Every structure is written in structure tokens, then in C-alpha cells.
Amino acid sequence: MSHFIRASKYRHIFVDQPKTENSYTGFELSTATGEQSYIKGNTKFFAVAVRGGGGPLAVIPYAQTGRYKRGEQPLISGHKGAVMDFDFNPFHENLIGSASDDSTIKVWGIPEGGLTEHITEPLVDLHGHGRKVTLLKFHPTAQHIVSSASGDFTVKLWDIEKAKDLVTFGGMSQLIQDLCWDHYGNLCATSCKDKTVRIYDGRSGEVAFEKANAHEGAKSVKMTFLGPKEKLLTVGFTRQSQRQMKIWDHRKMDKEIKKLDIDQAAGVLMPFYDPDTAILYLAGKGDGNVRYYEMCDAEPFCFGLSEYRSTKAQKGVTFIPKRGLDIMGCETARALKLAQSGQNSDIEVLRFIVPRKSESFQEDLFPDTCSGMPSVNADQWMAGESKPPVLMTLDPSGASHAPEASAGAAAAPYVAPKSAATLQKELDAANAKIAELEAKLKAAGL
């Protein structure tokens, strides 16, 4: 009897066992709970909301391993309530946005190298939601645009450069559970406690597609678009509280094109999709494991690869951009796992590796990836211009093409605007200098 084994270069992917010396320990997390993933990261820093007044955020450089020193570590803290969610700007790694229980959104600048003192003055302060802001997500291709979901049952799009809201998505009557953008940044999908998945036109705020009872269970539904595949993946629960995954053609939401029952567990599954490798990672809140699947365009649409198992339950997980990986070590993904450890929380680094003997660049494992540069600016995007993400090579030798910005996009990284307090200090210093020079001229009789 013959057995067919599907060929896949990712079939032997495994997780390198997390090392204690590379972990981050001793975080006393904020007690605020919600639909967020509790940890976010980019190629320079990761951030978690910690306990304290002013909705404090700890932003930690990756080199700063070991125990977190509460009371000694500088923080971002300028809210009047707990921080519910936060997100790094994908086009400027020293900018982070925070959404709070005080119904505001603030954008903060992080000094190069990390925080050296407490920051309480934001660069941008956004007001417009009527209740707490629960989710925050930057636009994947357009510069300056961030989306937010609120307890007032609306989603708003903001231009952080002009500090104003652009569009409001309505039509939801219960708590918003998830918020995600498609690969090109044209569509924005939401899941809601009313069990309806809605896909909005990002510019007009009109519902383009929707599906009631996408999952019959009462718990949260999480989502991700499958890159440029024109498909939406949702993970939720059956009526019997069994966890399940569904794949939809978002242009025809009457019936899913694939349904996969996963297991019987209580934790909400968080999906993370890598469009470069077409691998989907599923991490459940309260689970110790991370599953990974290879996605394809035809039946059966997904193939189980393997599973990372651990006895430490995770509160949250985030994946960092490809630009921050050990490419020559064949590291195809890296996750930061936020796990409970007694009264505090620790952060473990999970490195997903495809074993290769060769020490040269593995071009088949690392196609061109997002460069961290915008495709369009906010005005161009609102005017209807749509471009795919700007790509770059991961080859350290630079043998492939270098990242190039699309026409109209900024060729240099976005420079954060100065806050009002900083500008006032500079103005006061300039006025003092002018007064000093005028006094010298007067003393000289000129």
C-alpha cells in the first residue's frame, strides 16, 4: 500500500526551545482585560501594558533581556484610564499608538535606543469616541492612518498627521471583538458579539459584505485576511463550544469554502498569517501550544504542519516583522509569548526554524517581504489610490532588488511631529536667547 506525502519546504518547521537567558521576566501586567492580544512588537521593541496610574506602557528594546525592574524602568503614561490596546506604526518603528478606557487614542514617540525617561506628553491626541477604545490597528499600506474600535459600537479611521477622524463605520449594536485589514488596505473586517462578520469599504465606511452567525458559539471570533489570496479566515466556536476555523471567499459570504473543527477547549484562538510563506499560526489564550498550518488556493485549502507544545499558558502572543529575523539561521517566524509566571508575567521568544544544512541565503524560504515603507500617503489613499505593500529583499548581500517607495510615497522614514510641549520649550529657549543678545547689543550701545 503506497502513501502519498505532500511535498513542502516547511514540512519540518520546528520551534527552537526558548532559552531563559533570552527571556524577559517580572512584568506586573495591567488588570484591564478585553479582546486585545496584550503584547505587540516590531523589529526594535516590544510593548506591554503594566500596572499603575496613567495607563502605563512598558516599551522594551530586545537587547534588554532579564528581569523587568518595576519603579526603575521609564514608561509611557499619559492616559486617564487603563490602556486597552496599542499598536506600533508599521512605517516608523519609533511611533506607538495607545487606546484607552478614557475614550482617547494617543500616539507616542519613542527615542532611538528606547525610553530614557517617563513620557507623559503624546505627539498626537485623538478624541471622538463616546466610550472606551478597545482595539487599535494601523493601516497596512497607507501612511498616517490608524483604525480604532470602541465600546460605542463604532470603528473610526484617523489621520494621525492631521489629528482628525476620516471615516466612521457603523451598523454594529454590540461589542466589537476583532478588527483587521486586507492585504492592500482597501477592506476592513470586524467581528461582533452579535455573531456577524462585516466587511467594510475602508474609504466610505459602507458594509460591502456581511455574514450573520459566521460561528454559532457565543465566544469571540478572531479573523485575518489570507494575504493576496482574496480570502478571509475566521476562528470561533460551535454551539457545543468546540473551536473551529472557517475560510471564506469574502466576495461571496453566503457559505464558507472550508470548515475545520480543531478541538474542545475554552481559550479564544488568535490567528496570525504570514503571506510570504502562506503559513497560518493559531495561538489560543490560556493554551500552552501554537499550531501552524500551510495554506493553499485549492481544496483542502490548509494542511496541518506541526504544533509547539508547552506547559506555560499564554495570555497573549505577537509575531514580529520578517525584517527582524535571523535570516541566515533559517528563522522563518518569531513570536513573543506572554505567559503567566506566579504573580507576574514572563515573555518567551519562540523562533520558528526550517532546518537547512547550507549556510547560504535560502531564497525559496524567504521571498521578498514588506519593507516597512508606505505605498501611499493618507490623502492618496482617501482619493482612491490603491497599491500593494512595498517589498524588499531579505538577502543580506542585497543581490535582489532593494526596497523602493511607490510614486508619491515618502522615500525616507516618517519623522514624528514634535509635541506642543516640546515646541513651547524650544520657543521659550529661543526667546530667552533673543533677549540675551538684545541685552548685549544694548550694553554695547548698538
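The values are calculated or read from the model by the stated rules, or taken from the named source; none is laboratory data. Quick caveat: nothing in here was measured; it's all calculated off a predicted structure. Neighbour counts are summed over all protein chains in view; Cβ atoms, including those assigned to glycine, are modelled from backbone coordinates with ideal geometry.
Does at least one position in the stretch 256-266 carry a residue that is more than 30 Å from LEU325 (Cβ to Cβ) and assigned to a strand (DSSP E or B)? Yes, because at least one residue in the stretch 256-266 is more than 30 Å from LEU325 (Cβ to Cβ) and assigned to a strand (DSSP E or B). If the condition is being closer than 17 Å to CYS302 by Cα, without any contact (Cβ under 8 Å) to a residue 40 or more places away in the chain and either surrounded by fewer than 19 Cβ atoms within 10 Å (Cβ to Cβ) or not assigned by TED's automatic domain parsing to the domain that holds ALA333 (or both), then the stretch 241-276 contributes ASP249, LYS259, ASP261, ILE262, ASP263.
Being in a strand (DSSP E or B), in contact with a Gly (Cβ under 8 Å, 6 or more places away or on another chain) and among the basic types (Lys, Arg) is true of LYS156.
Just checking: which of the strands (runs of 3 or more DSSP E) contained wholly in the stretch 1-79 hold 1 or more residues that are among the acidic types (Asp, Glu) and on the phi < 0 side of the Ramachandran plot? Please lay out each step first, then the result.
Values: elements: 14-16, 24-27, 39-41, 45-49, 57-61.
In the stretch 1-79, the matching strands (runs of 3 or more DSSP E) lie at 14-16.
CYS188 fulfils the conditions (1) without any contact (Cβ under 8 Å) to a residue 40 or more places away in the chain; (2) assigned to a strand (DSSP E or B); (3) surrounded by 22 or more Cβ atoms within 10 Å (Cβ to Cβ) except for a single criterion, (1).
What do you reckon, is TYR293 among the aromatic types (Phe, Trp, Tyr), under 25 Å from VAL221 (Cβ atoms) and without any contact (Cβ under 8 Å) to a residue 40 or more places away in the chain? Spelling it out, TYR293 is indeed among the aromatic types (Phe, Trp, Tyr), under 25 Å from VAL221 (Cβ atoms) and without any contact (Cβ under 8 Å) to a residue 40 or more places away in the chain. Residue check: is ILE279 closer than 16 Å to PHE225 by Cα and assigned by TED's automatic domain parsing to the domain that holds THR224? Taking the combined requirement at face value, the residue satisfies it. Of the residues in the stretch 284-302, at least one is assigned by TED's automatic domain parsing to the domain that holds LEU233, more than 24 Å from the chain's Cα centre (by Cα) and surrounded by 17 or more Cβ atoms within 10 Å (Cβ to Cβ).
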